[in-house]
Amino acid sequence: MSGQLDMIILLFVIISGIGAITVRDLLGAAILFGAYSFLMCLLWAIMGAVDVAFTEASVGAGVSTVLFVAAVFRTTRRTKD
Amino acid sequence: MKLVALASALLCGTILLFGTAEFPDFGDPDSPAASHVSPRYIEEAMAETSAPNIVTAVLADYRGFDTLFETAVVFSAAMACFFLLRIFGEDERRPSEKLYRHLPTGITLRIDPGGKVPDSPEFERIDGIWIPHDVIVKTTTRLIIPFIQLFGLYVIAHGHHSPGGGFQGGVILGASVILYAISQNLRQALGRMGEAVSAVFCAAGVFIYAGAGALCLLMGANFLDYSGLAPLFGVDAIQARSLGILVVEIGVGLAVMSAMVWIYYNLASMGRHQEGL
């Protein structure tokens with residue numbers, strides 16, 4: 001059961017990771033990166049690394065998303081490449 | 001050029017994939033990582049440091065040097081953001097008029113420089129015309145911020161008994177201030193926790209950590225060997241290591257909290273500290 005859950009979450013991790021680097025809207029990329037962090041946090045919680053999961057949830061999914069959104073808000077929403 | 005990049009990425013990826021075949025299985029008890037230091041930490045950590053959470057014992061006690069310099073990295077990141085982004089003085093390109101909103105009607109007044117500023121609680125100063133007047137968001141965040149901060153303090157203080165510690169608790173505390181800055185405005189947040197306070201707290205956190213280590217030296221023990229602090233705390237050497245972990249976690253929490261808030265202030269206002277998000 002736990003192995004199947006692992007696989008499902010890993011699939012979503014890969015999807016959100018690829019999405020974060022291919023999406024042309026930088027705000028969307030920031031949100032996808034937050035989703036990626038949250039899924040990694042779930043994965044670590046399943047593996048039993050609760051401290052790492054806690055750090056990922058607070059730093060990765062929480063504050064760094066806010067900082068990315070602030071940076072996008074103050075620069076541009078479109079990628080140049 | 002893109003083809004070369006794709007080929008080199010595929011080559012490196014293939015080599016790495018072949019490399020993973022040699023890795024020990026997940027949770028293999030005979031793997032190098034699980035057969036040298038891990039058993040010692042798992043068996044002895046509770047007896048040596050009286051910290052039930054082994055992760056925190058390893059992070060703040062056995063590997064105290066690593067965490068000290070991680071805290072220094074967070075401090076330097078905040079300093080780098082400050083030096084790169086901060087611009088002092090008024091922005092000439094922006095008009096220096098002040099905007100006030102009449103709360104009962106929602107009408108916005110623009111007051112030119114030198115004009116009379118309304119002195120009534122019905123008027124609220126706002127940063128831009130586009131900022132919405134949202135009572136629900138402001139009231140909800142005002143209600144939940146104390147609980148977020150209480151939880152952050154619990155995570156720092158209880159870090160050696162349950163998952164958590166200085167980094168997580170500090171980020172939660174910093175996030176509560178950032179939430180305040182987003183839901184109210186940057187000016188009010190700067191009034192609660194100014195730039196100078198953030199800078200001093202950030203440095204003070206690193207100083208507490210390094211100072212705890214130096215205090216151990218002064219007491220005759222090794223650097224960051226908290227058992228040397230036992231006479232100061234008035235407890236035995238094992239209990240002193242648990243209390244020493246708490247002291248450095250407080251330092252880490254202080255540094256991380258103010259670093260997050262400081263980075264947010266500079267990032268959200270493009271270094272001017274005049275208008276936030």
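Only Lys, Arg, Asp and Glu count, each charged at its Cβ (+1, +1, -1, -1), so figure out the dipole size of the protein assembly as shown about its Cα centre, rounded to 20 debye. Each step should come with its number before you reach the end.
Values: 22 positive and 30 negative charges, 330 e Å.
It comes to approximately 1580 debye.
Rounded to whole Hz and in sequence order, give me ³J(HN,Hα) for the range B:97-112 from the Karplus expression 6.51 cos²θ - 1.76 cosθ + 1.60, θ = phi - 60°, writing x for Gly and Pro.
Once θ is set to phi - 60°, the couplings for the range B:97-112 become 6, 10, 10, 10, 10, 7, 4, x, 9, x, 7, 9, 9, 10, 10, 6 Hz.
For B:E90 and B:E43, calculate 0.36 nm times their separation in residues minus their Cα-Cα distance, and state this gained length in nm to one decimal. Numbers along the way, then the final one.
Details: separation 47, 0.36 × 47 = 16.92 nm, distance 6.00 nm.
Going from the current span to full extension adds 10.9 nm.
For the range A:18-81, give the magnitude of the charge dipole about the Cα centre (Cβ charges: +1 Lys/Arg, -1 Asp/Glu; no others), in debye to the nearest 20.
Details: 5 positive and 4 negative charges, 82 e Å.
My answer is approximately 400 debye.
Apply the Karplus parameterisation 6.51 cos²θ - 1.76 cosθ + 1.60, with θ equal to phi minus 60°, to every residue of the range B:193-208 and state each ³J(HN,Hα) to the nearest whole Hz, in sequence, with x for glycine and proline.
Karplus values, whole Hz, x for Gly and Pro: 9, x, 5, 4, 4, 4, 4, 5, 4, 4, 5, 5, x, 5, 5, 4.
Where a Cα-Cα gap under 18 Å defines reach, which lysines qualify for B:K98, not counting those fewer than 8 residues away within the same chain?
B:K116
Using a cut-off of 13 Å between alpha-carbon atoms, which aspartates and glutamates can reach A:K80, once sequence neighbours fewer than 8 places away in the same chain are excluded?
A:D25
When all alpha-carbon pairs of the range A:2-74 are counted, what percent fall beyond 22 Å?
Percent of Cα pairs beyond 22 Å in the range A:2-74: 24.
Count, for each residue of B:50-63, the Cβ atoms from other chains sitting within 10 Å of its Cβ, then give me the mean as a whole number.
Details: counts 0, 0, 0, 2, 1, 5, 1, 0, 1, 1, 0, 0, 0, 0.
Across the residues of B:50-63, the mean count of other-chain Cβ atoms within 10 Å is 1.
Output the direction-averaged projected area (hull surface divided by four) of the convex hull of the alpha-carbon atoms of the range B:134-277, in nm².
Numbers: hull surface 37.8 nm².
Taking the Cα atoms of the range B:134-277, their convex hull projects to 9.5 nm² on average.
How about the range B:64-137: which chymotrypsin sites (Phe, Trp or Tyr not before Pro) there lie in a loop by DSSP and see at most 16 other Cβ atoms within 10 Å? Kindly include the intermediate steps, with their values, before the conclusion.
Working: sites: B:F65, B:F69, B:F75, B:F82, B:F83, B:F88, B:Y100, B:F123, B:W130; in loops: B:F88, B:W130.
Sparse-neighbourhood loop chymotrypsin sites (Phe, Trp or Tyr not before Pro): B:F88, B:W130.
Given only helices, namely DSSP H runs of n ≥ 4 each adding -39500 (n - 2.57), what is the per-residue ellipticity at 222 nm of the protein assembly as shown, to the nearest 500 deg cm²/dmol? Don't skip to the end; give the middle numbers.
On the way: 15 runs with 230 residues, N = 358.
So the calculated ellipticity at 222 nm is -21000 deg cm²/dmol.
So how long is each side of the range B:217-277 along the principal axes, counting just the alpha-carbon atoms, biggest first, in Å?
52, 18, 12
To the nearest hundred square angstrom, how large is the accessible surface buried between B and A, total for both chains, probe 1.4 angstrom? Please list the in-between numbers first.
On the way: alone 16290 and 5570 Å², together 20250 Å².
Roughly 1600 Å².
Between 0 and 90 degrees, rounded to the nearest ten: what's the tilt of helix B:2-21 against the longest Cα principal axis of chain B?
With rounding to tens, the tilt is 40 degrees.
Work from the charge dipole of chain B (Cβ charges, +1 for Lys and Arg, -1 for Asp and Glu, about the Cα centre) and give the residue of B:F123, B:G211, B:V171 farthest towards its positive end.
Working it through, the farthest residue towards the positive pole turns out to be B:F123.
Across the range A:15-31, in residue order, what do the Karplus-derived ³J(HN,Hα) couplings come to in whole Hz, using 6.51 cos²θ - 1.76 cosθ + 1.60 with θ = phi - 60° and x for Gly and Pro?
Once rounded to whole Hz, the list reads 4, 5, x, 5, x, 5, 8, 9, 4, 8, 7, 5, 5, x, 5, 5, 5.
Return the Rg/Rh value of chain B, two decimal places, where both radii are evaluated on C-alpha atoms and Rh is the Kirkwood radius. Display every interim value, and only then the final one.
On the way: Rg = 25.1 Å, Rh = 22.5 Å.
Taking Rg over the Kirkwood Rh, I get 1.11.
Can you list which of the GluC sites (Glu not before Pro) found in the range B:1-84 are DSSP loop residues with at most 13 other C-beta atoms within 10 Å?
Details: sites: B:E22, B:E43, B:E44, B:E48, B:E70; in loops: B:E22.
Answer in residue order: B:E22.
Considering the options B:L103, A:T79, B:V247, tell which one lies farthest towards the positive end of the dipole of the protein assembly as shown, charges being +1 on Lys and Arg and -1 on Asp and Glu at the Cβ, about the Cα centre.
The Cα lying farthest towards the positive end belongs to B:L103.
Students often check this: by mean Cβ neighbours within 10 Å, which of A:9-16, B:4-11 ranks highest, and how do the rest follow?
Working: A:9-16: 15.0, B:4-11: 9.6.
Descending mean neighbour count gives A:9-16, B:4-11.
Under a Cβ-only charge scheme (Lys and Arg +1, Asp and Glu -1), can you give me the dipole magnitude of chain B about the Cα centre, in debye to the nearest 20?
Charge dipole, chain B, about its Cα centre: 1140 debye, nearest 20.
Can you give the angle from 0 to 90° between the axis of helix B:237-268 and the longest principal axis of chain B, with both taken from C-alpha atoms, to the nearest 10?
30 degrees
Jot down the radius of gyration and Dmax of the range B:176-244, Cα atoms only, both in angstrom.
Cα-based Rg and Dmax for the range B:176-244 come out at 18.0, 50 Å.
How compact and how long is the protein assembly as shown, expressed as Rg and Dmax of its alpha-carbon atoms in Å?
In order Rg, Dmax, the Cα atoms of the protein assembly as shown give 24.3, 77 Å.
The values are calculated or read from the model by the stated rules, or taken from the named source; none is laboratory data. Because the structure is a prediction, the values reported are computed rather than measured. Reconstructed Cβ throughout: ideal geometry from the backbone, glycine too, with neighbour counts over all protein chains shown. Areas reflect the complete protein model, heavy atoms only, side chains present, ligands, DNA and RNA absent. Shrake-Rupley method; radii C 1.70, N 1.55, O 1.52, S 1.80 Å.
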